[in-house]
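Q: Would you mind keeping the following structure in view while I ask a few things?
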Amino acid sequence: MELPISPSSLAEIVSPFISGSGDLIPVKGRGSNPAQEHEGPQPYFDVDFQRNVTAISTQTAFLHCRVKDLGGKAVSWIRQRELNGIIRPVILTTGLFTYTSDQRFSVLQRAMSEYSRTDESLTDWVLQIKFVQPRDSGIYECQVSTEPRISENFYLNVVESKAKMIGSSDMYVKQGSTLSLTCLVTQAVEHATIFWYHDLSVIDDSQVVVRIDQHFDSSISTLTSRLRISNLQSTHSGNYTCLTTAADPASTMVHVINGTYHGWGKCILNVS
């Protein structure tokens, strides 16, 4: 889609970031120009930030670009996109202005004092991407309009969270025994909650016979939830589903039977 500004206005805004050949100039590190030394300290990047960022699909991704002694210079976020086999830079934001028509993208400017740091000359330019999708994965460049230009590349990796039920998709359990189901969610968000459903109803863990335990392993970004229902009755038969945000649900069918079942080699689980 066309930007909501005229071509002449766009040229005036982005010209500080474009070389004479029309290309953006990605120069690494801190720029040094003797002709500008009298202007005072030149901007440079704070090295204490993460350049490889992993985000969960449908969540919000944040890329932090921290610049010291910015002065009157501008910070731009640029997406390196492959179009027809050619890598082309696409300007997303300059300063606090957003060029892309994709409303999921925006930029936030934060003083480092908000992070309990006292260096007032250090600012954080945060590229925010809401409802991030796998197609958003790739290289994002933070560029400062010094002469020569300075820039830092960030790599965003968007992964999809997946839920799966451990064990068989069909379970035959003896009446009066205890049912134990385990749901595993990979690439999970730390503070997410797994909800359990029996058919279309949410399972209430305040019931005496129901127990739900949940654990998050931050080392592998995995969320595990275990459902236990004791003293099974025929009313407990049905479809059991585990559901959390940003992940497709996983289900298993439970059959509560009275007596021993030998049909088609199915096994009876009797966990006490």
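The values are calculated or read from the model by the stated rules, or taken from the named source; none is laboratory data. Fair warning: this is a prediction, and the values are worked out from it, not measured in the lab. Note that we place each Cβ from the backbone using ideal geometry, even for glycine, and neighbour counts take in every protein chain shown. Just so you know, the surface numbers come from the protein's heavy atoms only, side chains and all, with ligands and any DNA or RNA stripped out. Shrake-Rupley method; radii C 1.70, N 1.55, O 1.52, S 1.80 Å.
Q: Kindly state, to the nearest 0.05, the FRET efficiency for S230 paired with H191, given R0 = 30 Å and r defined as their beta-carbon distance. Present the calculation step by step, with values, prior to reporting the outcome.
A: Values: r = 29 Å, r/R0 = 0.96.
Approximately 0.55, to the nearest 0.05.
Q: Could you work out the mean projected area of the convex hull around the alpha carbons of the range 51-194, in square nanometres to one decimal?
A: Details: hull surface 54.4 nm².
One quarter of the hull surface, i.e. the mean projection, equals 13.6 nm².
Q: What's the FRET efficiency of Q133 with D217 using the Cβ-Cβ distance as r and R₀ = 22 Å, to the nearest 0.05?
A: 0.30
Q: So how much slack lies between L83 and S101, counting 0.36 nm per residue of separation and subtracting their Cα-Cα distance, in nm?
A: Values: separation 18, 0.36 × 18 = 6.48 nm, distance 1.75 nm.
Result for the pair: 4.7 nm of gain on full extension.
Q: Please state the shape class of the range 124-238: rounded when a/c is under 1.5, otherwise prolate if a/b exceeds b/c and oblate if not, all from the C-alpha gyration tensor. Don't skip to the answer; put the middle values down first.
A: On the way: a/c = 4.04, a/b = 3.59, b/c = 1.12.
Since a/c reaches 1.5 and a/b is larger than b/c, the shape of the range 124-238 is classed as prolate.
Q: Sorted by average packing, counted as other Cβ atoms within 10 angstrom per residue and highest first, what order do 186-195, 124-133 take?
A: Values: 186-195: 16.1, 124-133: 18.1.
The packing order, highest mean first, is 124-133, 186-195.
Q: Then there's this: Can you give me the % of accessible surface on the range 135-233 that is carbon or sulfur? Probe 1.4 Å, all protein chains present, nothing else counted. Provide the component values of the computation, followed by the final result.
A: Details: 2300 of 4970 Å².
Here carbon and sulfur together make up 46 percent of the probe-accessible area.
Q: Take S169, project a point 7 Å from its Cα along the Cβ direction, then tell me which residues of the range 235-257 have their backbone nitrogen under 18 Å from it.
A: Under 18 Å, as judged by backbone N against the label point of S169, lie 238-243, 248-255 of the range 235-257.
Q: Each label point is 7 Å from the Cα along the Cα-to-Cβ direction; what then is the distance between the points at R51 and D248, in nm?
A: Inter-label distance under the simple model: 3.6 nm.
Q: Still on this model: Set the Förster distance to 41 Å, then compute FRET efficiency between N157 and N258 from the Cβ-Cβ distance, nearest 0.05. Please list the in-between numbers first.
A: Details: r = 51 Å, r/R0 = 1.24.
Plugging the Cβ-Cβ distance into 1/(1 + (r/R0)^6) gives 0.20.
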